[in-house]
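What follows is a single structure, written as structure tokens, with notes after it.
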Amino acid sequence: MAASMAQIGRILLYDRAGYGSSQLGPEPRTPQQLVTELHTLLEKVHFEPPYVLVGHSMSGYNQRVFANMYPDEVAGMVFVDATHEYFWNKWAELYPAEWEKGNQILENHYVSQPPGIHAEWKSFKTSRLEAPGPIPDVAIVVLTSLKVYNDFAPEVEQALTQIWAEAHEMLARSVTNGTHISLQAVGHYIHQERPQVVID
């Protein structure tokens, strides 16, 4: 995927602190801290703005924090099945028992991950419920996985999938030039299963 993207323009792929071979960063690992570290990295390697930001899952939330903190440096964004506060809050409102169960599933998952990932999750559990602030009116593409994972009763799964799609549609509509693409048979890791969709 990186080689194909490099044909479009200059790209930067990086490990956040605590991922891969990167050392742990200072805690708490809030989205604002992660964005500050990324911005510092971009300056250090002389990667000049404006940027097209591409992020998956939790990183999609961080993209919005970056765009809010540095609006003049963002030319566009691609959200790859990105998390959104509307989803978490609506889920908690409509299905509190399943929300608790879902959080425990995630907690168990992240506890078993490398320290950097686990540290991010500790901060993200709180920040994910709040809007990260407005983003600039740039072109964005929002990719949505509609695959069902069957962790809950079918009617709950159907409702959660609908809420996930609604959150992404809201995100796409938050700018003048927003595109929302839903993928039925693709899982959460769209960039791995269908990398060409992300590149396109």
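The values are calculated or read from the model by the stated rules, or taken from the named source; none is laboratory data. Not measured: the values here are computed from a predicted model. Cβ atoms come from the backbone with ideal geometry, glycine included; neighbour counts cover every protein chain shown. For accessibility, only protein heavy atoms count, side chains too; no ligands or nucleic acids. Shrake-Rupley method; radii C 1.70, N 1.55, O 1.52, S 1.80 Å.
Structure above, values below:
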quantity	calculated
Surface per residue (accessible, 1.4 Å probe) for segment 77-117, Å²	48
Mean shadow area of segment 1-72, taken as a quarter of the surface of its Cα convex hull (nm²)	5.3
Peptide ranges 123-132, 8-17 listed from the most packed, as the mean C-beta count within 10 angstrom indicates	123-132, 8-17
Net charge, E73 excluded, C-beta distance under 13 Å - Lys, Arg +1, Asp, Glu -1	-3
Placed amide H near T83: partners under 5 Å, 5+ positions off or other chain	S57, M58, G60, Y61
Cα-based Lys pair tally, the chain, threshold under 17 Å, eight or more apart or on separate chains	4
Kirkwood Rh, angstrom, segment 81-139 [1 / mean 1/r, Cα pairs]	12.9
For V78, residues with placed amide H under 5 Å, excluding near neighbours	L53, V54, G55, V141
Calculated FRET value between E48 and E193, using beta carbons and R₀ = 22 Å, to 0.05	0.10
Nonlocal amide H pairs with V186, under 5 Å, H built at 1.01 Å	L146, K147
Two-decimal ratio, the chain, of alpha-carbon radius of gyration to 2.2 N^0.38 Å	1.01
Sulfur and carbon atoms: percent of accessible area, segment 1-159 [1.4 Å]	55
Debye intensity ratio in log₁₀ form over the Cα atoms of segment 102-200, taken at each q of 0.10, 0.11, 0.19, 0.21 Å⁻¹	-0.36, -0.44, -1.25, -1.33
Cβ crowding within 10 Å averaged over residues, with 76-85, 22-31 ranked highest first	76-85, 22-31
